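Visitor: I'd like to ask some things about the structure below.
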Amino acid sequence: MANVLKSKRVQVLGALMVASGMPLGFVFNTFQIFLRSAGVDLKTIGILSAVSLPWSLKFLWAPLVDRYALPRPDRRRSWIVVAQIALALGFFAFAAYAGFAIERDPTTGRMALAASAAAVLGAIVLFITIASATQDIALDAYSVEVLEPEEQGPASGLRVMWYRIGMLVAGALAIFSAQWLPWPVVFALLGGLFLASIALTLWADPPVRPAAAPRSLRAAIVEPFRTYFGRPQALTVAAFLVLYKFGDNAAGTMVNPFLKDMCFSNAEIGLAVKIIGTAATIAGTGVGAALMSRLGLGRALWVFGFAQAGAIGFYALAAAARAAPLDVALCATLEPISAMARGWTYVGIAAEYASQGMGTAALLALILRVCDKRYSATQYALLSSLFGFGRTLSGIPSGFLAERLGYALFFTCCMALAIPGLLVLQRLAPLHQRDVLSSAPAGGTPA
């Protein structure tokens, strides 16, 4: 495995995942903290999480990425560059409008956003997620084409590590920086990072054996679905991708508002997530890659599934330890956070990031295994869209549930939402079995 990880192809592919992870870190961390800091209510934050829908629907335009491309640098990387330019423009637009829309109460100095301003910012973020989804389509297709079979497992762990680092840069580091820099400056700096990522894309190696483009748009649309759904267990794999991280995703949507309502400062949130989250992500992906090799993908998915569910429980303990009403508007009048509440929160952050790193690496390895190289953009987009659909479906009602149930009971219920995914896993990879059932694609070359 060490020799595989030293490959320039694998290392550059991993580093490209920073630009892939940044939009998700922004949407589900920085954007939420920014809105909550400006007094936007939990229900609105939950509804605005629907801007992540393009990640769940990207299979709709993935056939265009499979069929068409600019002549240079190649079929996959040309789409990556176009998407990175669009992402930079989206962040610059967000920075400009946020600077215009932010208002401050002259008596309290607190930020405020009008409902109409939040809606406009949501529309800009929707453009960002569309560009991000397009980048993901091309990057995933590039990874299917450029990786050799023996590189898929180790590369999946490396990709998750860099993806999570990208999330931390646009999430934790951006939030930490906002303690001293104006929010619009933070957003503009993130836009600049996407421009810098273009150079890395152009430096990446082209695939040694690039797959030919589909002969027509009709073939690009029909054949990927026909070949995927013609394989055994296709529907089981699809259901599993939606449900495996359902509870983890529902809880994750409310973690950042929870931290604000626990009265953590932006600097502490950013620093805690940056240090603890980075260390836990690196450790989790390393342990995950080792366990996948030792246990097999099937058994590893069981271990990671239970780990994800258990991590949510630490947030429930933190909420229970903070006896005062949890509302960011009351932070000035509440007692400081107790050592117990702060400790359970930090443990929750570490457990969440480590288990997410392990679980996501295993899911990526599963998707790579079932994709047909001939239709890699569309099939990978379809399967990863199902993965993202679970996140969107669980995130939209999370704000309503957190307000109605309170954080402690809400996080406890999220643990129970992991059960359906494990039931489907029993059909896909029974507990006694080392690997997943029927993992090779039908009618095509395994990725």
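The values are calculated or read from the model by the stated rules, or taken from the named source; none is laboratory data. Everything quoted here is computed from the prediction, not taken from an experiment. Note that each Cβ is placed from the backbone with ideal geometry, even for glycine, and that neighbours are counted across all protein chains shown. Accessible surface is based on the protein model in full, side chains and every heavy atom, while ligands, DNA and RNA are left aside. Shrake-Rupley method; radii C 1.70, N 1.55, O 1.52, S 1.80 Å.
Visitor: Which one, [x] 173; [y] 126; [z] 164, gives volume of the Cα convex hull per residue in Å³ as derived from the coordinates shown?
Guide: It is the value labelled [y].
Visitor: Work through the residues other than GLY390 whose Cβ is under 10 Å from its Cβ and net out their charges, Lys, Arg +1 and Asp, Glu -1.
Guide: Net of charged neighbours comes to +1.
Visitor: Still on this structure, please answer the following. If you line up the long axis of helix 376-395 against the longest principal axis of the chain, both from Cα atoms, how many degrees apart are they, to the nearest 10?
Guide: That works out to roughly 20 degrees.
Visitor: Could you tell me whether the range 247-310 comes out rounded, prolate or oblate from its Cα gyration tensor? Rule is a ≥ b ≥ c as square roots of the eigenvalues, rounded for a/c under 1.5, then prolate if a/b exceeds b/c, otherwise oblate.
Guide: Cα axes put the range 247-310 in the oblate bin.
Visitor: OK, next. Using the structure shown, select from LYS8/LYS58; LYS58/LYS260; LYS43/LYS245 the pairs with a Cα to Cα distance greater than 27 angstrom.
Guide: LYS8/LYS58; LYS58/LYS260
Visitor: Counting only residues 5 or more places away or on other chains, whose amide H sits under 5 Å from the amide H of ASP372 once H atoms are built in the peptide plane?
Guide: Under 5 Å from the amide H of ASP372: no residue qualifies.
Visitor: For a quick check: with amide H placed at 1.01 Å from N, whose amide H comes under 5 Å from GLU103's, ignoring anything fewer than 5 positions away on the same chain?
Guide: Counting only residues 5 or more places away or on other chains, the set is ALA112.
Visitor: Related question: According to the square roots a ≥ b ≥ c of the eigenvalues of the Cα gyration tensor, what is the shape class of the range 365-427, taking rounded for a/c under 1.5, prolate for a/b larger than b/c otherwise, and oblate for the remainder?
Guide: Note, shape of the range 365-427 comes out oblate.
Visitor: Name the cysteines of the chain that stand alone by the Cβ rule: no other cysteine Cβ under 4.7 angstrom.
Guide: When partners are defined as cysteine Cβ atoms under 4.7 Å apart, the chain leaves CYS371, CYS413, CYS414 without one.
Visitor: Let me ask another. Nearest 500 deg cm²/dmol is fine: what mean residue ellipticity at 222 nm does the chain get from its DSSP H runs of n ≥ 4 alone, each adding -39,500 (n - 2.57), divided by its residue count?
Guide: -23000 deg cm²/dmol
Visitor: Can you check what the net charge comes to around ALA309, using other residues whose Cβ is under 12 Å from the Cβ of ALA309 (Lys, Arg +1; Asp, Glu -1)?
Guide: -1
Visitor: Using per-residue counts of other Cβ atoms within 10 Å, averaged over each peptide, order 164-173, 417-426 from highest down.
Guide: The densest-packed peptide leads the list: 164-173, 417-426.
Visitor: Just add up the charged neighbours of ALA418: K/R +1, D/E -1, any other residue whose Cβ is under 9 Å from the Cβ of ALA418.
Guide: Charge balance in the 9 Å sphere: 0.
Visitor: Calculate, for the range 243-326, the solvent-accessible area per residue in square angstrom, rolling a 1.4 angstrom probe over the heavy atoms of the protein chains.
Guide: I get 30 Å² per residue for the range 243-326.
Visitor: Once neighbouring chains are kept in place and the probe is 1.4 Å, which whole percent of the accessible area of the range 14-141 is contributed by carbon and sulfur?
Guide: For the range 14-141, the apolar C and S fraction of the accessible surface comes to 70 percent.
Visitor: Turning to a different aspect of this structure: Apply the Karplus curve 6.51 cos²θ - 1.76 cosθ + 1.60, θ = phi - 60°, to the phi angles in the range 169-178 and return the couplings in whole Hz, x for Gly and Pro.
Guide: Result, ordered by residue: 4, 7, x, 4, 5, 5, 5, 4, 5, 5 Hz.
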